[in-house]
Amino acid sequence: MPEPGPAAETTPLRLCAGADLAEKGKALVFDVLLWGQPARAFALRFDGRVVAYINRCAHVPVEMDWQPGEFLDSSREWILCSIHGAAYEPATGRCVGGPCGRGRLRALRVEERGSQVYWYPCAAVRPPLPAEPSAESSPP
Ligand code: FES
């Protein structure tokens, strides 16, 4: 039997339909494990392309959306951290202003294929573990 190798690291997971992500609209927020710790990530469409990042500011490691799934500023040009106003370039995650300095958002690999958006987990960012069935719901 073949050993799980790098290919197992890149098995894509479906995130959503492409139509669910409007241009410069609300992001899809989803749970991940970042180096084994619970974290959240988000995916949004910008200039036609779907991008995804860990929802964690480079200034202080906190979530950035000012309302759930709302990351863009009023001009819809920058990802803006709601805490102290760090601004990031949506296409690259690079800090372009504010207290994030030379930092950048941690990008996730996503791909839009057909009508669907897929996420490719990696060693650092993986899907959350499935919930354990509770004792009450177990069959006798
Ligand atoms: S925590 Fe994001 S700018 Fe300070």
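Among the residues of segment 99-123, those that are outside any strand (DSSP E or B), in contact with a Leu (Cβ under 9 Å, 6 or more places away or on another chain) and farther than 16 Å from Glu63 by Cβ comprise Pro121, Cys122.
If the condition is being in a loop (DSSP other than H, G, I, E, B) and either over 19 Å from Val110 (Cβ atoms) or among the basic types (Lys, Arg) (or both), then segment 36-62 contributes Gly36, Arg56, Cys57, Ala58, His59, Val60, Pro61, Val62. Applying a threshold of 6 Å to beta carbon distances and a minimum spacing of six or more residues, or different chains, the list of pairs starting in segment 96-109 at a residue that is within 18 Å of Asp73 (Cβ to Cβ) and ending at one that is of a type in the set (Gly, Ala, Ser) and not in a loop (DSSP other than H, G, I, E, B) reads Val96/Ala87; Gly97/Ala87; Gly98/Ala87. Here Thr11 clears all of (1) in contact with a Lys or Arg (Cβ under 8 Å, 6 or more places away or on another chain); (2) in contact (Cβ under 8 Å) with a residue 40 or more places away in the chain; (3) of a type in the set (Ser, Thr, Tyr) except the condition numbered (1). Taken over segment 51-102, the criterion of being hydroxyl-bearing (Ser, Thr, Tyr), surrounded by fewer than 19 Cβ atoms within 10 Å (Cβ to Cβ) and closer than 17 Å to Ala41 by Cβ is satisfied by Ser82, Thr92.
Looking across segment 66-88, the residues that are away from the ligand (no atom under 15 Å from the Cβ) and either part of a loop (DSSP other than H, G, I, E, B) or in contact (Cβ under 8 Å) with a residue 40 or more places away in the chain (or both) come down to Pro68, Gly69, Ser74, Ser75, Arg76, Glu77. On the stretch given as segment 46-65, residues that are more than 15 Å from the ligand (Cβ to nearest atom) and under 12 Å from the mean Cα position of the chain (by Cα) total 3.
Every number in this text was worked out from the coordinates using simple rules, so none of it is lab data. This structure is a prediction, so every number in the text was calculated from the model and none was measured. So basically every Cβ, Gly included, is an ideal-geometry build from the backbone, and we count neighbours across all protein chains shown.
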